[in-house]
Structures are given as C-alpha cells and as structure tokens.
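Asker: Quick one: structure below, then a few questions.
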Amino acid sequence: MEEREFRFLVMKNEQAAAENPEAYRRKVMLIVSLGYGYVLALCVLTFGGFFWLLKLLHAGNIRSSNVFGAFFLVSTGIAALRALWVPMGSPEGRQLQPDEAPKLFELVEKIRAKTGGPKASKILLLDELNAAVCQVRRHGMFGAMENYLLIGMPLAMALSPEQFAAVLAHEYGHFAGGHSAFSAWVYRTRAVWSRFKSHLAERNDVLTAVSSTFIRHYFPYFDATTFALRRQNEFDADAVSAGTVGAQHAANALIELSLKERFLQGEFWPGLYRMADTSSQPPWLPYARMASAMRAGMDRDGKAREWLEDATKPYTQYYDSHPSLADRLRAFGIHPKVPPAFRVSAAEYFLQPAFPTLVAELDKAWLKSINQGWQGRYQAAEAGRQRIAELEAKGNEKAANEWLALGHLQEDFVSQDAALASFQNAAKRAPHVAQAHYLVGRILCSRLDESGIPAMEKSLSQDKSYGLLACRWVLYCLKEINAPKDRIQRWEKRHEEFAELEDEAWNELFSIPVANDVLPHGLGQDQLRMALSALINDKRVRAAWLGAKRVSVLPQRTFYVLFVDAVKEPRELLQNLNRQISLPDSQWVVALSDHGLRADDMSGIAGPAIYRRR
C-alpha cells in the first residue's frame, strides 16, 4: 500500500471512529477476525485435504488426479501454516536478576498487582530511551505466551523514581483488563501480524508464498483501520498510569521524557559525535555521563520552557499512533509545566547495587558498536578539512558552486561566520542562484538580523521550493524582535500559502508508487556524511539505498528517498532517522517492508546501497 492510500485510510477511519464508535469497533472486529479466519481456513484446508487423502487410500480410489488434488491441499495448507509457525525470538536486551536490582523487582510487582497486568517472565535492560511490555508467543500465533518487561537505561536515567513508576504503569496499562481490554487485544494482535510481516519479508521461497501474499495485502489495511483504536489504547494506558501513581506524576513523566529526548537527540549525542570530527577515539563514554549530563543540561527556567512550548504546539499527526503531548496532557486535565528538578534518577535508585556494572557494560557495548561509525566520521571530517584547504587555496577566484561547497564545509567544521562569508560570496557571483540567497538569509535570520529578510525574498522570487523554510526563518526573526503585528501577519499568510503548496507537492509524491521514477541521488560522500553516521550508529539498519524524485508542483525541488532495510518494527526507527539525518533538500525515509520491497530488488530501483551493515 502506498503512503497516500495509507494516509487516506487512516484519516477515513479516524473520522468513522469519531462519528460512530460502535460501528467502528465492529469494523475493527471484522478485520481482526479476518486474520484469525485466514489461520482457521488454513487449518481446515490442511486437515480436510489430509482426511480426503486418507479416505481415498482407504477406499482404494487412487486415481492420480484425486491423489494429486488431496496432496496439493495438504501441502499448501502445511506450507502456509509453516510460515506462521515461526520462532519469533525473544526481545534483545540484558536480563536483570532480582539480586541485581531488588527495588526494581519490588516496584514491578506492585504495579503489576495494581494494574492487573501479566507477570513478567524476564526484565531486560536496553540502551534506548524507551520502555515496553512485550508479549511473545513461542511460535508466532501458537505456543505459550511469554511476557517481557523492557526498560531502557536512558529512560531510567531521565526520570525521577515517581515518574519512572508512571511509565511502567502506562506500559502495563496496555494489557490491563476492563474497558480497554478490546483495544489491548487489538494492540497485541497488531504486534503479532507486524512481526509476521517483518519475518516473511526476509524469506523468498515458494513454501511461504501463500502467507506472504496474504499478509502483504492484509496487514496495511489492518494497520490503517486500527490506527484510531491504537491511539485510544494510548489514552487508556495513560488513564491506568494516572490511576496507579497519580495524574500529576503521569503528566510529569510525559513532559520529562519529551524534554530529555530533546536534550539527548539535540545536544548530548550530537555533541559527542561532533568530537569524531577532531578525535579518532571517543574522549568519554556516554552512559557513564548521561544521568549527570541530563541534570546539568536542563535549564528549567529557560531552555526547558522553550522546549516544552515547542513540544506542546503540534497536534497528533496521521502517521503517529501515539497521541501528541498536548493531547495527552489535555486528557489528564493538566496544564503543561516544566517539572521540578530531582537529585536521584530512577536508574540510580532502582538499579542498585548493579547500577555501576550495568553502566560499564552498556558503555563497553557502545564502544564496540560505534567503532566503525566513529572512524568513518573522523575520516570524512579529515577529508572535509582537506577539501576546505583546497578551496581556500583558490582565493577569490572560486566559482559560485565552489563558494557554496566551501560554506557548507565551513559550517560543519569551522564556524558559522566563515560559512556566512562564503555564502555571501556565492550570492554575489551568482545572483540567480536561489540557494545562495536562502543560505545567507537562514544564518542572518537565526541571528535575529533583519538584513536576512531581503535575502529570503530573493530566494523566494527565484524558487518557490524554499517558501516554507524561508517563511519559518523570517517569522522566527520577526517574532523574536517583536516586529509590528501587521508585518508578522503578512508573512504568516505567505507561510499558509506555501504550506498548501508543500502539501500539494507531498501528495503528488505519495501518489507515485515509491519504487517508480527513482532518479540517482547525485550526492557526494561529504554530503552523505551525517546520513551514514546515523545509519551506522543504529543497529536496527541492515542496509540503505538513496534515490531522488521530482514532482511537477515544485519542479526545482529534489525529494530524496532513503530506503531502509530494517531489522525490527520500522516506524520508530524511521522517525529517529528523519530527526538525525539532514539531506540537502526534502527527505522521505521509508522501510522496505512497508512497501512490499525486498533488498534483492533495490539495486534495480535505486542503484547500489549507500550502506550495508558488516
């Protein structure tokens, strides 16, 4: 299913859920039952064919056509069921023992008992800012159920003990009984079909063709139809959390996680990875510093308030099954407010006495996994500095494209002042190049310098592709300097016009099958440096391909499409990559499994892979 069709189905079902909840629930029940009906039909096919074959043999009616027909039914049913009888594997993580963190096990049992959730078979420690309760049957839809509680060390470091308890209560709330039982059942069922889809995408044999074909067509409709219900499941789980530890602690946990994610993704990890530009080895290890860094890096009277204001602006987007922070806080009836600081994190409190050992294990594993990416980035930085020296050696005789290339490198490795001078030189030598004017305007507007606005005007007059970004930078500048309201309103109106144009462009892009009309990306290694770093540093990525597309609405715009072969459920991965990767123009990160694509097909669609995990 293509992105545009998926988007339409999500919005259609959201509307149906709001207008007639009972009819929507019946529709969900029908489509979920269809999946189970498929499994039942396979069983009937298999046993019916087997019974027919035995009956033919017993009656002595062994004509080849009858035997072949019965054998075909049996073999087809067995092959299709075999595809669903697969070892799904246990979640990855470091298993915690009760004597390593007795307070944690005591807390988990209290929350489990209060929420009515399942008893955890194992508690696993992860290296992610995340927590989850994961239920896995040993053989897909068959076999005994095993329950796993997954806890990310960064998440435990980011929260106070009370906030951490609220997060665990939320996760257990996904599987609690009562009014949320139906949505919780759908939540679990969706996870099973998602794992089937990912597993079958890795296989390409005749025996699994029947199930592969069914799941490839069934799962996208299941996913889109149940989107609204899964969002409601998040609200239900929030309600369980509030009922378990209190609404204020539950709200504070959501806010604190949003702020800490902004800090980690925007400052902590980029700050560490930037050191690869000048150091061949990491100067310090992340998890040993993370808890104290998150406390020291949170200016709760300044930066944190700005981040919270940004985080509570957007409403829930069609592609996000988690409601927005603003929507979730509104459901609690709590106004957004930065929580008070805390001295001891949940990790430091609940993971004793093993906390120092666990941190050291995570740092050791990180150091091992990061070596390839770190060295690659250091080498790219060395090449970038060498290229800067080569361009600077040409003096003032450089062409406009060379000034632009120099400016981009200087912004990465030297300073913004040096980059601004290079972009200004490019704009003087090639006044018809919209990109040069936009880059000048971007830096000046970011500094609240109104002289950047005429530069933005020039870029817009030459290329409407820069409209939305240019308007955002101008509005940022005007609002920060308290410009007259009528001036701000004029730019806000232009912003709305360009937003409509942007929507038209993306809708046109989504209307084209993702594997069609893919052009060579045309980027050099330097331009791919940040993208490669993000791919290398995420162990969920097996391989990636990069292509480009054009649309008629904005013909000068390049839409870069990054195809990712993902190991696990890709939606969160795609969102993370979109945040971490910054390509020269618009970008769209897609998972092969979401579009029925296989890694073997990609060389013919987008050329050679830009990255493969060793």
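Asker: Here is a list of conditions, (1) aliphatic (A, V, I, L, M); (2) under 34 Å from the mean Cα position of the chain (by Cα); (3) open to solvent by less than 10 Å² (accessible area, probe 1.4 Å), and residue 444 meets all of them except one; can you say which number that is?
Answerer: (3)
Asker: To continue, here is another question. Looking only at segment 358-371, decide whether some residue is part of a helix (DSSP H, G or I), among the acidic types (Asp, Glu) and touching a residue at least 12 places away in the same chain (Cβ under 8 Å).
Answerer: Yes, some residue in segment 358-371 is part of a helix (DSSP H, G or I), among the acidic types (Asp, Glu) and touching a residue at least 12 places away in the same chain (Cβ under 8 Å).
Asker: I want to confirm something. Restricting to segment 503-542 and keeping residues that are among the small types (Gly, Ala, Ser) and modelled with pLDDT of 80 or more, which single residue is nearest to residue 610 (Cα to Cα)?
Answerer: Among those residues, the one meeting the criterion is 522.
Asker: Right, something else. Of all residues in segment 562-580, which are β-branched (Val, Ile, Thr) and at pLDDT 80 or above?
Answerer: Answer for segment 562-580, where residues must be β-branched (Val, Ile, Thr) and at pLDDT 80 or above: just 564.
Asker: Name every residue in segment 500-516 that is surrounded by 13 or more Cβ atoms within 10 Å (Cβ to Cβ) and either charged (D, E, K, R) or in a helix (DSSP H, G or I) (or both), in order of residue number.
Answerer: 501, 502, 504, 505, 506, 507, 508, 509, 510
Asker: Let me ask something additional. Can you go through 311, 250 and tell me which one is among the aliphatic types (A, V, I, L, M) and within 22 Å of the chain's Cα centre (by Cα)?
Answerer: The unique qualifying residue is 311.
Asker: Here's something else I'd like to know. Do we have any residue at all in segment 233-244 that's among the charged types (D, E, K, R) and either modelled with pLDDT under 80 or open to solvent by 60 Å² or more (accessible area, probe 1.4 Å) (or both)?
Answerer: Initially, segment 233-244 is screened for residues among the charged types (D, E, K, R), giving 234, 236, 238.
So of that shortlist, the ones also either modelled with pLDDT under 80 or open to solvent by 60 Å² or more (accessible area, probe 1.4 Å) (or both) come out as none.
The answer is no; no qualifying residue exists.
Asker: Could you tell me how many of the residues in segment 349-394 are open to solvent by less than 30 Å² (accessible area, probe 1.4 Å), over 28 Å from the mean Cα position of the chain (by Cα) and farther than 28 Å from residue 291 by Cβ?
Answerer: 3
Asker: Six or more apart or on different chains, Cβ atoms under 7 Å: show the pairs whose first residue is in segment 279-298 and open to solvent by less than 40 Å² (accessible area, probe 1.4 Å) and whose second is part of a loop (DSSP other than H, G, I, E, B).
Answerer: As it stands, the answer is 291/345, since those pairs meet every condition given.
Asker: Among (1) part of a loop (DSSP other than H, G, I, E, B); (2) open to solvent by less than 90 Å² (accessible area, probe 1.4 Å); (3) more than 28 Å from residue 8 (Cα to Cα), there is one condition residue 478 misses while meeting the rest; what is its number?
Answerer: Condition (1) is where residue 478 drops out.
Asker: If you take the residues in segment 215-232 that are at pLDDT 80 or above and polar (S, T, N, Q), which one is nearest to residue 10 (Cα to Cα)?
Answerer: Checked segment 215-232; the qualifying residue nearest to residue 10 (Cα to Cα) is 225.
Asker: From the residues in segment 142-169 that are at negative phi and open to solvent by 30 Å² or more (accessible area, probe 1.4 Å), which one is modelled with the highest pLDDT?
Answerer: 162
Asker: Which condition number in (1) part of a helix (DSSP H, G or I); (2) buried (at least 20 other Cβ atoms within 10 Å of the Cβ); (3) at pLDDT 90 or above is the one that residue 172 fails?
Answerer: Looking at each condition in turn, residue 172 falls short on (3).
Asker: Are there any pairs with C-beta distances below 7 angstrom linking a residue in segment 428-440 that is surrounded by 20 or more Cβ atoms within 10 Å (Cβ to Cβ) to a residue that is outside any helix (DSSP H, G or I), with the two at least 6 apart or on different chains, and if so which?
Answerer: The qualifying pairs are 434/463; 436/430.
Asker: Just give me the residues in segment 451-510 being among the basic types (Lys, Arg) and either over 24 Å from residue 310 (Cβ atoms) or in contact (Cβ under 8 Å) with a residue 24 or more places away in the chain (or both), in sequence order.
Answerer: Result: 458, 464, 494.
The values are calculated or read from the model by the stated rules, or taken from the named source; none is laboratory data. The shown structure was predicted, so the numbers you read here are calculated from the model rather than taken from an experiment. Cβ coordinates were reconstructed from backbone atoms using ideal geometry, including for glycine residues, and neighbour counts include every protein chain displayed. Accessible surface areas use protein heavy atoms only, side chains included; no ligands, DNA or RNA. Shrake-Rupley method; radii C 1.70, N 1.55, O 1.52, S 1.80 Å.
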